[in-house]
Structure formats: C-alpha cells, structure tokens
Amino acid sequence: MRFPNVFVTATGTDVGKTIISAALLDAAPRHGHKLVYWKPVQTGGVDIDRHSIEAMLGRPLQCPLPTFSYQKPLSPDQAALADKSDPPYVVTLMERLRQYSGGPILVEGAGGIAVPLNQSNETWLEFMLASRLPVLLVASSGLGTINHTILSLQALDAADIEVLGVILNGPHDEANLQSLKRMMPHHRFSSFPEIAFEASPSKWNEATDKLWQFLEQSHASQPLSADWIEADKQAVWHPYTQHKTAPDPVPLVRGKGIYLYSEQGEELIDASSSWWTCSVGHGHPQIGAAIRRQQSRLDHSIFAGATHRVGVELAEALIGKSQGHMQRVFYTDNGSCAVEVALKMAAQSWKNREQSQRQLFLHFKGAYHGDTFGAMSVADREGLHKGFTPYLFRGVLGSPVTAHASSICPEGSQALDSGLKDLEALFATHGQELAGAVIEPWLQGASGMNVQELLWLQYLSRLCKTYKVPLILDEVFTGMGRTGDYFAFLRAGIEPDIVCIAKGLTGGNLPLAATLCREDIFEAFVDDDRSKALMHGHTFSGNPIACAAALATLQIFEKQALIANVLQVEERLKQWTEAQHLHIQNPRVLGAVAAWELAGTGGGDYFHSLAYDIPQRARRHGLLMRTLGNTMYFVPPLSILPQELDDALGRIEACIDEFLNEGVGTGERQLPLEGAELHFPH
Ligand code: PMP
C-alpha cells in the first residue's frame, strides 16, 4: 500500500519527535518505502536533528529540501529574532514543500502545535492546515502526559486536522495509555518503548516495525470521502448559476489565508475573496476564537426589546471608524437588506416629517445594490435584473462619469464637464421630489468594476447637501478597507447621510450587515407615536456571534495594519497593470481591487462566454477566479502578504499568457496594444 506523507509533531519539546522520526525512517526501507526526511525549521544549531538521526541510524538521510536554521534553542519566532534573520512563514514553507515532488515525506516540526513561527503569530497549526499533511502526535508516556495529550488533540480536532495516531514515547505506562484511550476514544494510541538501536538491534527493529505497522493501519482506516460532489448536482440550487451549462462547481474542503483547497487537493488563491468578503484571510484563528467564545457565552438572542454587549461595542466601534460622520447603527444580515433598510430610513424619515412629496430615489446606470426588490429598483435595470423590471418601483436615473471608458460611460473622464451639468439639471428638475440618492461610491462593483471620476462624485455629494437629499452610500463592497480606508467616503472626501456595509464586516466569516446613519435621520423616527418607529427588523438582527466576529475583525485590522497594507497592495497592483499593458486593456485599480479586460474580447455583458472560460482556465493556474462578463478582476484578501501577492499575480499572468497564446473569446483580438494608455482614478 501507499505510505502517507506525515507531519510529526509533539505535545511539547523534548518528548521524542526525533526518535520517532528516526524509527520510521529506519523502518521504511524494510517495508519497501523510500521515506524522505524534512525538518523545515531547526532551532538550536544547523541541522542538529538530522545529524542526530543520521548518527542513530548510521547512514546519511535523504533530505531534498532546505531548512530554516537558527542558533539558539528557542521557539522559531524568538530564535529568528535572536539571530536577526527572517523567521519562517507558512507561505514560504509551503513554497518549499511544493518544490518537492518525490515519494512519501516525513516532516518534523519544532516544539509543539501552538509554537509561534513568526511575529505574525503563525503556528505549526497553520502549517498543518495549509499542507494538509496528516499528523502523528508524539507524547511522553509518563506523568503529565494525559493533560498535554488531550489538549493537543483537542486543538487538532478543533482545526479538523487528520490525526493518524498518538505515540506515547518512553517507559510503557499502561494506566496512562488506558486513561487516554478512554478520554479520547476516537483517536488511536500506541506506545514506543525506551530502546536504543545500539543496546539491542533486534528489539529496536521489532519496535520500529510495530510503529510502522501502526501508522500504515491508521492510514488505511481513514474514511474515504463520500461522493458529495455528485450529490450536489441532485440536491443544490446555486446562486447566479445556469445549471444546464455551468461547469461542475469546485468542491472546497478547506481555507487558510488567501488559499482555498479543493477535495482533489488543489491549492487555489481566492482571487475574488469569496465574493469580496474575505478581508482578513480564511481561517483566521482570532476570529475562530471570538466566535467560539461568544457562542459559549450568548448565542443568537432577540435584538428587539433586548440588547447585548457585543452589539453595543460593535456599534460604537463602527461609529468611531466613521470619524464622527455617522451616529447610529442598524443591524441586518446581508448587503441587500442593509440597502433596503437605508431606503426605508430615508423614505420613512420624509413621511414622519410629513413631506410626502419626496418619494423618488436617484439611482445610477451601472448600479448594483443587491437582489431584493427595493435594491433592484435602485439598480441599473438593463443589467442582471432585467426580467424583474415590471415589479420595480420608479425612480430617477442618473449617469455616473467614470475615470475610464466603460459601457455606462463610453467617453470616460472626457465626459466630466457634461456629466456635472447633467447632474445639476437633474437636481434642478427633481431635487424637491427626491427621498434620497443611492450610489456605490467611487467604485461600482458588480457592473464591471467601474471607477467614478472623483470630482463627479464630490459634486453629487454637494448637490445632495444643497437640495437636502439624503446621500445613501452603498459601501457593501467599497467599505471595510477594500478601497483604502474603513469607508470609501473618508478617502473620497464626501459626506453621506446613510451608509451600508456588509461583506468584509466579519472578515468574511459570518453574515452580518449594518446600515449607519446620521443622528438627524434617526431623530425623524423618535416620537410619542409608535407607528413612527422604523418598521423593519430581521430575525437575526444583531446576531451576537456575528457581532463578536466583526469586533475581532476590527482588532485584526488594527493589529495587522490592514489599511496600510491595502495602500501597498494598491501600489503593487498599479505597477503590475502598467507592466501588463501590452496584454490587457482598460486597467483600473483602487485599493485592493484590480480589473481589466483582455485585449480584443469586445464589450459584452454579464453573460459573455469568457465568464465560463476564464474561471476554468484560471483554476488550472491555481486561482479561484470569477469574472464580470469579460472583465477579469482580482480582489484579494486585504491581509495578503507581498510574496503572496507576487505569487498571485504570477499565476494571473500565466493564465493571461495562455489566453493570448491560444486566442481568446470572440477571436477579434488586436495584439499587441501598441501605446495603450493607462489611466488611474487618482
Ligand atoms: N451592494 C453592493 C455594492 C454589492 O456589491 C452587493 C453584493 N455583491 C450587495 C449590495 C448585496 O449584498 P448581499 O449579496 O450580501 O445581499
């Protein structure tokens, strides 16, 4: 049978990982396997564990991959600091692991599971999650082992790591072994006697053979995954999916940082941040801990006539992030509903003030605000929701001026003067009838990542003030750091009355949305008349677990300086799009968003054939990518590291090259785009 790759970890330091590794490496050839050894991180001297295994076995080891070595016998984060050298990062370790394509490999950790690798608090657990190597846990056989072993197994179980078994190393202690089997019945245990090869080669061989067999049996007993991918086709209806023609969905089993892993073992960069939600990276341990803590304290509880601490703390934190622009927070659970609430806030505020002539909303070409009827009514009706037009309420339609040529503004920035005049005329005609103006500020996402001319947006904000029209910003996509600040309006220098956020609010972990407003909007609802209360509320409004996840997300933003990171990502994306100018056209970059079209693929809408083609090709290059029609976009997690960004851009380039070499889409390619001009929004 095929021997599994294995990651050897321990309940602590000095419990015998290296001896157990040596035992397996020794037994392997007798069982017909060439097992390769890799100690990715060595503290306490260069390659000392490898040397001691070689001394034990009396032969050199096959070790194809280089190791991070540090002089001091400390945890890797501290040892790297002491040596003034770079610490190991999971992404680098993974890169090295990927370089290896030989037979089975035994990877030995350094210290226990939760030992920090670097100042970003990555631990071996993160490496195990990323590598998906099954784990062999080494524990001491003596006093104290029960507690250490149970805690280690609980941590591995909580992270859903495959554990092949536990080896109790040292003088056999039947009582400890039995206690552990009783306490953790779903795990397999074995013991390895205290034995030295030199003392008794035959006993050593017997013990190492037994260990080998234990591991082989553990591997064989792992359950095969059920065919749930086929079952998906029978039972599930997916969003925005034409089930007749769509390719099979990618079966995802795990996520860590910017990576998602498929059932087939592919490592895919989450190039859309899972529909623009995943801001702090998948599987962030701090958010996981916050969710677990809150669930054990207070899980979902009614938010009408009751409240909870995390709901209040989050409201205060969001108001703080708005830098005094917003004073109230209303919770919902998705972006569409945050927009519905915003519309109702504006509409009912006029009704409560007995100004019922204000019933129309100003909305814009290219707008997308969600899939509920109110949100669809204030969107671009020529877009995705065309089929629902008869059911939508009427409004006033404006045209944004974009900083680049786009289907909604073909003249691009040249249309600025006429665009400002059109806005002025629109307000002069309808200003007194408008209940509100709704816009995705600076960047319209779903219509194709269209970046507005900032002057035009600022002028809209001024006109709203002049005509006392509440400016409603849909920051479901642009907010929570995506465009370079907590809210796009802060960076754009405009003054909203109502702001909607969702997507990245919980770091992408749980559904939660919020509609923030100014106090004067709220005051229009404060009355002795109960019917003047805002007539809206969702069952899961203010869900405390989601609020706790959002609070943890805000802490991570501060701790990891994510806003500053977005600005660096923006710079790198600009450089990259400039360097790609022979291959792509119409590039736009804002914050951690880059979008472009492939030369010669024509215009087209959401249903452009490339929308099927690109994701499938991208997958072969290690990307989970979506498009908006023929618009390719890259919206990475905001926490992306520089080397991960380079890795991602490299994969995208490879994907683009493949397209260009084969001929794309409509076949009307005109390459290269000599002298193509680049234009950035700011
Ligand atoms: N507004 C904007 C700007 C969006 O991008 C989206 C979702 N893409 C929504 C609203 C709707 O959010 P949800 O899908 O959470 O309802």
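The values are calculated or read from the model by the stated rules, or taken from the named source; none is laboratory data. Everything numeric here is computed off the predicted structure, so don't read it as measured data. Cβ sites come from the backbone with ideal geometry, for glycine too, and all protein chains shown count toward neighbours. For accessibility, only protein heavy atoms count, side chains too; no ligands or nucleic acids. Shrake-Rupley method; radii C 1.70, N 1.55, O 1.52, S 1.80 Å.
Figures for the structure shown
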| quantity | calculated |
| --- | --- |
| Unit charges on C-beta of K, R, D, E only; dipole of region 1-153, Debye | 460 debye |
| Cβ-placed point charges (K, R +1; D, E -1), dipole of the chain about Cα centre in debye, nearest 20 | 900 debye |
| Alpha-carbon spread of the chain, three principal axes, descending order, Å | 98, 66, 54 |
| Percent RCO, i.e. relative contact order, over the chain, from Cα pairs under 8 Å lying at least 6 residues apart | 12 percent |
| Carbon and sulfur %, accessible surface of region 441-494 computed with the full protein complex present, 1.4 Å | 55 percent |
| Sequence of Leu610, Leu61, Leu567 from largest to smallest accessible area, 1.4 Å probe | Leu567, Leu61, Leu610 |
| Extreme residue, positive dipole direction of the chain, given options Thr402, Gln294, Gln71 (C-beta unit charges) | Gln294 |
| Peptide ranges 284-294, 185-195 listed from the most packed, as the mean C-beta count within 10 angstrom indicates | 284-294, 185-195 |
| Cα-based convex hull, region 301-376, per residue volume (Å³, whole number) | 140 Å³ |
| Per-peptide average of other Cβ atoms within 10 Å, ordering 338-345, 270-277 highest first | 338-345, 270-277 |
| Inter-part distance where region 156-223 and region 497-534 are each reduced to a Cα centre, Å | 56 Å |
| CD proxy at 222 nm, helix term only [per DSSP H run n ≥ 4: -39500 (n - 2.57); per residue of the chain; nearest 500] | -11500 deg cm²/dmol |
| DSSP-defined beta bridges in the chain - what % are antiparallel, rounded to 5 | 45 percent |
| Diffusion coefficient, µm² s⁻¹, Stokes-Einstein with Kirkwood Rh over alpha-carbon pairs of region 27-175 at 4 °C and 1.567 mPa s | 78 µm²/s |
| Spatially proximal aspartates and glutamates relative to Lys72 (Cα-Cα < 17 Å; intrachain offsets below 8 disregarded) | Asp14, Asp47, Asp49, Asp83, Asp86 |
| Calculated FRET value between Thr372 and Cys63, using beta carbons and R₀ = 51 Å, to 0.05 | 0.30 |
| Lys/Arg +1, Asp/Glu -1 at C-beta; region 86-229 dipole; positive extreme among Met183, Phe214, Gln154 | Met183 |
| Cα gyration tensor category, rounded, prolate or oblate, for region 482-560 with a/c compared to 1.5 | oblate |
| Given charges at Cβ of Lys, Arg, Asp, Glu: the chain dipole, positive-most of Leu314, Gln242, Gly111 | Leu314 |
| Label-point separation, Lys559 to Leu397 (7 Å along Cα→Cβ), nm | 4.8 nm |
| Contour minus Cα-Cα distance for Glu523 and Ser101 (0.36 nm per residue) | 145.4 nm |
| Two-decimal Rg/Rh across region 513-619, once Rg and the Kirkwood Rh are taken from alpha-carbon atoms | 1.16 |
| Shape call, region 498-539: gyration tensor on alpha carbons, a/c limit 1.5 | oblate |
| Estimated translational D of region 373-500 in µm²/s (Stokes, Kirkwood radius over Cα pairs; 10 °C; 1.306 mPa s) | 106 µm²/s |
| Members of Lys365/Lys532; Lys344/Lys468; Lys34/Lys84; Lys321/Lys468 lying beyond 28 Å, as alpha-carbon distances in this model show | Lys365/Lys532; Lys34/Lys84 |
| Cα-projected label distance for Ser120 with Ser356, points at 7 Å along beta-carbon direction, nm | 5.9 nm |
| Peptides 487-498, 94-105, 256-267, 237-248 ordered by average Cβ neighbours within 10 Å, highest first | 487-498, 256-267, 94-105, 237-248 |
| Span-rule helices in the chain, defined as complete DSSP H runs reaching 24 Å or more along the axis (Cα) with Kyte mean at least 0.0 | 335-352 |
| Separation between Cα centres of region 227-296 and region 68-101, rounded to whole Å | 29 Å |
| Shape category assigned to region 208-309 from the gyration tensor of Cα positions, a/c cut at 1.5 | oblate |
| Contour excess over end-to-end distance, with Cα ends at His430 and Leu143 and 0.36 nm allotted per residue | 95.3 nm |
| Cross-link partners of Lys233 among lysines (Cα-Cα below 30 Å; sequence separation of 8 or more within a chain) | Lys244, Lys256, Lys386, Lys503 |
